[in-house]
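Participant: Structure provided below as structure tokens; questions to follow.
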Amino acid sequence: MELTAGKSQPVEDPFYPDTSNPEIDVLHYFLDLSWDGQTLTGTTTATFRTTTATDTVRLDLAAALTVDNVELDARPVSFEQADDGLVMHGQQMARGVRHTLTISYRGEPVSTPAPSRRLDSTEGLGWNTDRDGNVYTFQEPFGAFTWYPVNDHPSDEALYDARIHTRGADVGVFNGKLTGRARAGGETVTNWHVDEPMASYLTTIAIGPYRRHTGITNSGMEISYWLMPRDTDLLPTLKREGATAFEWLEGHAGDYPFSTLGVVVVGGTSAMETQTLVTMSRGAAERPDAVLQHELSHQWYGDAVTPVDWRGLWLSEGFAMYFQQWYEGDLGRPMYAGGVDEWRGYDNQARQQSGPPGDYDPQSFGDLNVYLGPAMMLNEIRKQVGDQAFERLVKTWVTDHDNGHVDRLTFTRYVNVETGRDFTSLIDRWLDSPRTPRPS
């Protein structure tokens, strides 16, 4: 298997250092998971390269999951678990050499507390089960470690394959392409392949009595809709909105950056831009604003082009929020909170509570400060360069940084070069000011 596409330059996160392990770069995960309704049994095979010489490797793994065995390059190695981490000891490994870890584990997974004041984060991050026992995950800025060993940080993207064993008629749904499905011995097994590098927070798993429905856009893109029987009434609206939003985005953001696309409806109360398979609760799907379009926007802004660390959350949410109000305005729909021209008061309040978008309070993750202010900043750039130049800018931002990691410096330099103007002070003012700047 060619794994070069999974090569990253991992960093330690300034906000959440406990879930970043920059001494390794995971290139590929193979997740072999079995769920019986109570216990998760898994084997993770992680192919990685060392970024420094070391004899110790650490991955994130929840304490609720007990490791049975670890092999490094097919040889058993010693390990210990502590503080939602798995530390493994082996022979001295030189910098830049590729190795393979095989980790077997089991347990009753639970979610981890979210560093957030958002109401849709109270259920915790990572592995959750709804009132009917169906599994779902939301895991931004972390939480994948609640169900598999992982370098749980956006700077370490990897390729993925997954095999999910479920009981009876329950179906395991994952990112990417469904490459196999079989029923035997009282279980259903699904196989999945992700052919573009993906950050761990963008992985998703859903388990329940799912059925796959499909729709085709006018441009020929097939969109899969994974629904349980209780949610099939949502299908007409999802198919209509999915096709409309996708075609609008291809016109305004550029060609879709991945090979597959789907939506899975789950429990909980949130929605998330999980790569190639948007995860939405029923409540989010029923909201009047363009939630699905917002999450689809992230496939370009956040998934294809990913912030190198969590200081750059605004690079994802600002773009998606700008595109949402642009879309709502173009289609004559009610705009979120009245649209960009009405957001100053909301953004100012969020800055007072959670800090400026470029340096927010890490315990207030995902507040409106990283959505509205950065979208307003993009609107200020648009006003100064004009609609045509701005639309070209937001398209080439994706094509020129596809499968890459970006930060404020990358963005500022790019805008300045592409527009031929110096927007540094404007960008800094909008990202750093404790109060919302006054729009022009």
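Participant: Which condition does G358 not pass, out of (1) farther than 14 Å from W314 by Cβ; (2) in a loop (DSSP other than H, G, I, E, B); (3) small (G, A, S), if it passes all the others?
Facilitator: (1)
Participant: Suppose we filter segment 282-305 for residues that are among the small types (G, A, S), closer than 24 Å to G338 by Cα and surrounded by fewer than 24 Cβ atoms within 10 Å (Cβ to Cβ); how many remain?
Facilitator: The qualifying residues number 3.
Participant: Starting from segment 306-325, keep only residues that are without any contact (Cβ under 8 Å) to a residue 60 or more places away in the chain and assigned by TED's automatic domain parsing to the domain that holds V415, then list their pairs with residues that are part of a helix (DSSP H, G or I) and hydroxyl-bearing (S, T, Y) whose Cβ atoms are within a distance under 8 Å, requiring at least 6 positions of separation or different chains.
Facilitator: A320/S297; M321/Y336; Q324/S297; Q324/Y336; Q325/Y336
Participant: Given the condition closer than 28 Å to G332 by Cβ and either among the polar types (S, T, N, Q) or free of Cβ contacts under 8 Å to residues at least 12 places away in the same chain (or both), answer yes or no: does some residue in segment 222-233 qualify?
Facilitator: yes
Participant: While we're on this one: Test D152 against the criterion of being under 18 Å from the mean Cα position of the chain (by Cα) and modelled with pLDDT under 95, and give yes or no.
Facilitator: Considered against the rule, which asks whether it is under 18 Å from the mean Cα position of the chain (by Cα) and modelled with pLDDT under 95, D152 comes out as no.
Participant: Could I ask something else about it? Condition test on T52, is it assigned to a loop (DSSP other than H, G, I, E, B), β-branched (V, I, T) and in the same structural domain as W192 (by TED's automatic domain parsing)?
Facilitator: yes
Participant: So, one more: Sort out which residues of segment 46-81 are of a type outside the set (D, E, K, R), under 16 Å from V26 (Cα atoms) and surrounded by fewer than 17 Cβ atoms within 10 Å (Cβ to Cβ), and write them in order of number.
Facilitator: Residues satisfying the conditions are T52, A53, T54, T56.
Participant: Just name the residue that is nearest to E2 (Cα to Cα) out of those in segment 36-76 that are among the hydroxyl-bearing types (S, T, Y) and within 22 Å of the chain's Cα centre (by Cα).
Facilitator: The extreme case among them is T47.
Participant: Under 6 Å by Cβ, and 6 or more places apart or on different chains, what pairs join a residue from segment 19-42 that is without any contact (Cβ under 8 Å) to a residue 60 or more places away in the chain with one that is crowded, with 23+ Cβ neighbours inside 10 Å and of a type in the set (F, W, Y)?
Facilitator: Here the result reads none, with nothing in segment 19-42 linked to a residue that is crowded, with 23+ Cβ neighbours inside 10 Å and of a type in the set (F, W, Y).
Participant: Does I207 count as touching a residue at least 12 places away in the same chain (Cβ under 8 Å) and within 24 Å of G254 (Cα to Cα)?
Facilitator: So I207 fails the test.
Participant: Let me ask something additional. Select from segment 276-291 the residues that are under 21 Å from P229 (Cβ atoms) and not charged (D, E, K, R) and write down the one among them that is farthest from the chain's Cα centre (by Cα).
Facilitator: Checked segment 276-291; the qualifying residue farthest from the chain's Cα centre (by Cα) is G283.
Participant: Tell me, which helices (runs of 4 or more DSSP H) wholly within segment 361-434 include 3 or more residues that are surrounded by fewer than 20 Cβ atoms within 10 Å (Cβ to Cβ) and acidic (D, E)?
Facilitator: By residue number, 387-401.
Participant: Hey, another quick one. Within the group R106, R95, R131, R183, which residue is assigned to a strand (DSSP E or B), out of contact with any Cys (no Cβ under 8 Å at 6 or more places or on another chain) and in contact (Cβ under 8 Å) with a residue 40 or more places away in the chain?
Facilitator: R106
Participant: Does R344 fit the bill of being in contact (Cβ under 8 Å) with a residue 24 or more places away in the chain, in the same structural domain as R413 (by TED's automatic domain parsing), touching a Ser or Thr at 6+ places or on another chain (Cβ under 6 Å) and surrounded by fewer than 21 Cβ atoms within 10 Å (Cβ to Cβ)?
Facilitator: Judged against the criteria, R344 is a match.
Participant: Sticking with this structure for a sec: Search segment 316-366 for residues being within 19 Å of A290 (Cα to Cα) and among the aromatic types (F, W, Y), and hand back the single one that is modelled with the lowest pLDDT.
Facilitator: Among those that are within 19 Å of A290 (Cα to Cα) and among the aromatic types (F, W, Y), it is Y336.
Participant: Collect the residues in segment 256-275 that are outside any strand (DSSP E or B) and farther than 20 Å from S316 by Cα, keeping them in residue-number order.
Facilitator: S259, T260, G267, G268, T269
Participant: Please find, within segment 159-191, the residue that is surrounded by the most Cβ atoms within 10 Å (Cβ to Cβ) out of those that are among the hydrophobic types (A, V, I, L, M, F, W, C) and under 12 Å from Q275 (Cβ atoms).
Facilitator: Within segment 159-191, the match that is surrounded by the most Cβ atoms within 10 Å (Cβ to Cβ) is F174.
The values are calculated or read from the model by the stated rules, or taken from the named source; none is laboratory data. Keep in mind it's a predicted model, so treat the numbers as computed, not measured. We place every Cβ from the backbone using ideal geometry, glycine too, and count neighbours over all the protein chains shown.
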